[in-house]
Amino acid sequence: MMNVLSRSGIRAQQVAKGPASMGYPSMIKLVGVEKALGGQPVLRGVNLSIPAGKLTTIIGRSGEGKSVLLKHMIGLMQPDRGEVWVDGVEISHLKGKRLNQVRERFAMLFQGAALFDSVTVSENVAFPLREKRHLPEAEVIRRVEEKLEQVGLSGMGHKYPAELSGGMKKRAGLARALVMEPEIILFDEPTTGLDPLMAKAIRQLIVATHRACGFTAVMVSHEIPEAFAISDWVAMLRGGTIAAMAPPGEFRQIADPDIREFIAVGDPGATQVGGGRREWERAA
Ligand SMILES: Nc1ncnc2c1ncn2[C@@H]1O[C@H](COP(=O)(O)OP(=O)(O)OP(=O)(O)O)[C@@H](O)[C@H]1O
Ligand SMILES: [Mg+2]
């Protein structure tokens with residue numbers, strides 16, 4: 001058990017435990033997850049297997065429960081019914097130290113960035129490093145500055161979140177998620193609200209760090225086709241269950257008229273074969 005919980009990395013043999021997978025090693029599995037909030041059912045039996053080391057994008061209408069779904073993966077919300085497995089460990093009943101051990105393997109970029117308002121941007125990014133790692137101060141500063149530069153915020157570290165635009169806050173949140181170099185990163189709409197060039201730069205940063213670090217990524221995005229172009233897998237949440245999950249090229253071929261309509265609105269290439277990450281990388 002300790003071996004599974006250790007930071008030894010994402011290894012296929014470690015993820016073989018838990019419920020049967022879909023033919024790939026999975027890092028996170030939701031089995032029959034149901035959740036009601038404010039008296040309304042939100043998740044109505046979600047079965048979802050997130051491939052280890054890949055980038056999976058979750059799409060779906062506003063209010064469908066995408067953010068709620070991510071919060072179940074990281075143990076911030078518990079299901080009313082069903083199971084949540086992370087690397088072979090069922091986490092939905094874990095508490096305290098054991099839950100924290102699992103959470104330490106994650107970083108999450110929240111939809112609203114969720115920065116601490118009372119400290120500077122640098123302190124925000126340094127926070128998880130100071131909390132979880134015992135590094136020399138010079139190393140903390142070096143890593144923080146490196147991440148700020150990567151997200152286009154160099155020289156902004158001394159500012160307070162209230163002094164930043166919405167897009168800058170988002171980028172600071174991204175720097176904070178990346179600085180720990182975790183095994184699993186959940187991105188809740190990482191590029192929504194950014195100008196198109198900055199959104200593109202952030203997507204490229206996500207892909208580049210993903211390629212370099214090999215973490216398991218789950219991203220919620222409304223940006224079609226851009227999100228398809230960087231994803232290995234796409235899953236659609238609809239009516240509280242997963243309506244479909246496939247690699248982007250196959251996802252575009254799904255016959256279900258409802259799914260076709262949803263993805264076609266933002267995606268002029270929806271009827272074409274192909275697409276997906278490899279094609280995008282070739283073009284980049
Ligand atoms: N803490 C909470 N308490 C009560 N209801 C909640 C809570 N969090 C979410 N909800 C409700 O659950 C539903 C799904 O919310 P969620 O934020 O997951 O949607 P979403 O798919 O992420 O939407 P968007 O694309 O707009 O971000 C909504 O009806 C929302 O009002
Ligand atoms: Mg949301």
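Bear in mind that the values in this text are calculations on the coordinates, not laboratory data. Values in this document were obtained by computation on a predicted structure and should not be read as measured data. Reconstructed Cβ throughout: ideal geometry from the backbone, glycine too, with neighbour counts over all protein chains shown.
Things worth noting here:
- At 0.692 mPa s and 37 °C, Stokes D of the chain from Kirkwood alpha-carbon radius, µm² per second: 169
- Applying 0.36 nm per residue to the separation of Q101 and R130 and subtracting their alpha-carbon distance, the gain on full extension is 8.8 nm.
- Look at the dipole of the chain built from charges on Cβ: of A113, M27, A229, the Cα furthest out on the positive end belongs to M27.
- Span from the the range 120-155 Cα centroid across to the the range 208-232 one, whole angstrom: 23
- The range 144-200 shape via C-alpha gyration tensor axes, a/c threshold 1.5: oblate
- Partner aspartates and glutamates whose Cα lies under 18 Å from the Cα of K54, excluding those fewer than 8 positions away in the same chain, are identified as D87, E181, E183, D188, E189, E226, D232, E250, E279, E281.
- Counted without the sites themselves, the longest stretch of the chain free of trypsin sites (Lys or Arg not before Pro) in a DSSP loop having at most 15 other beta carbon atoms within 10 Å is 160-284.
- Dividing the helix sum by the residues of the chain, where each DSSP H run of 4 or more adds -39500 (n - 2.57), gives a mean residue ellipticity at 222 nm of -10500 deg cm²/dmol.
- Under 16 Å, Cα to Cα: Lys pairs in the range 104-263, sequence gap 8 or more or different chains: 6
- Volume per residue for the range 70-210 equals 123 cubic angstrom (convex hull of Cα atoms).
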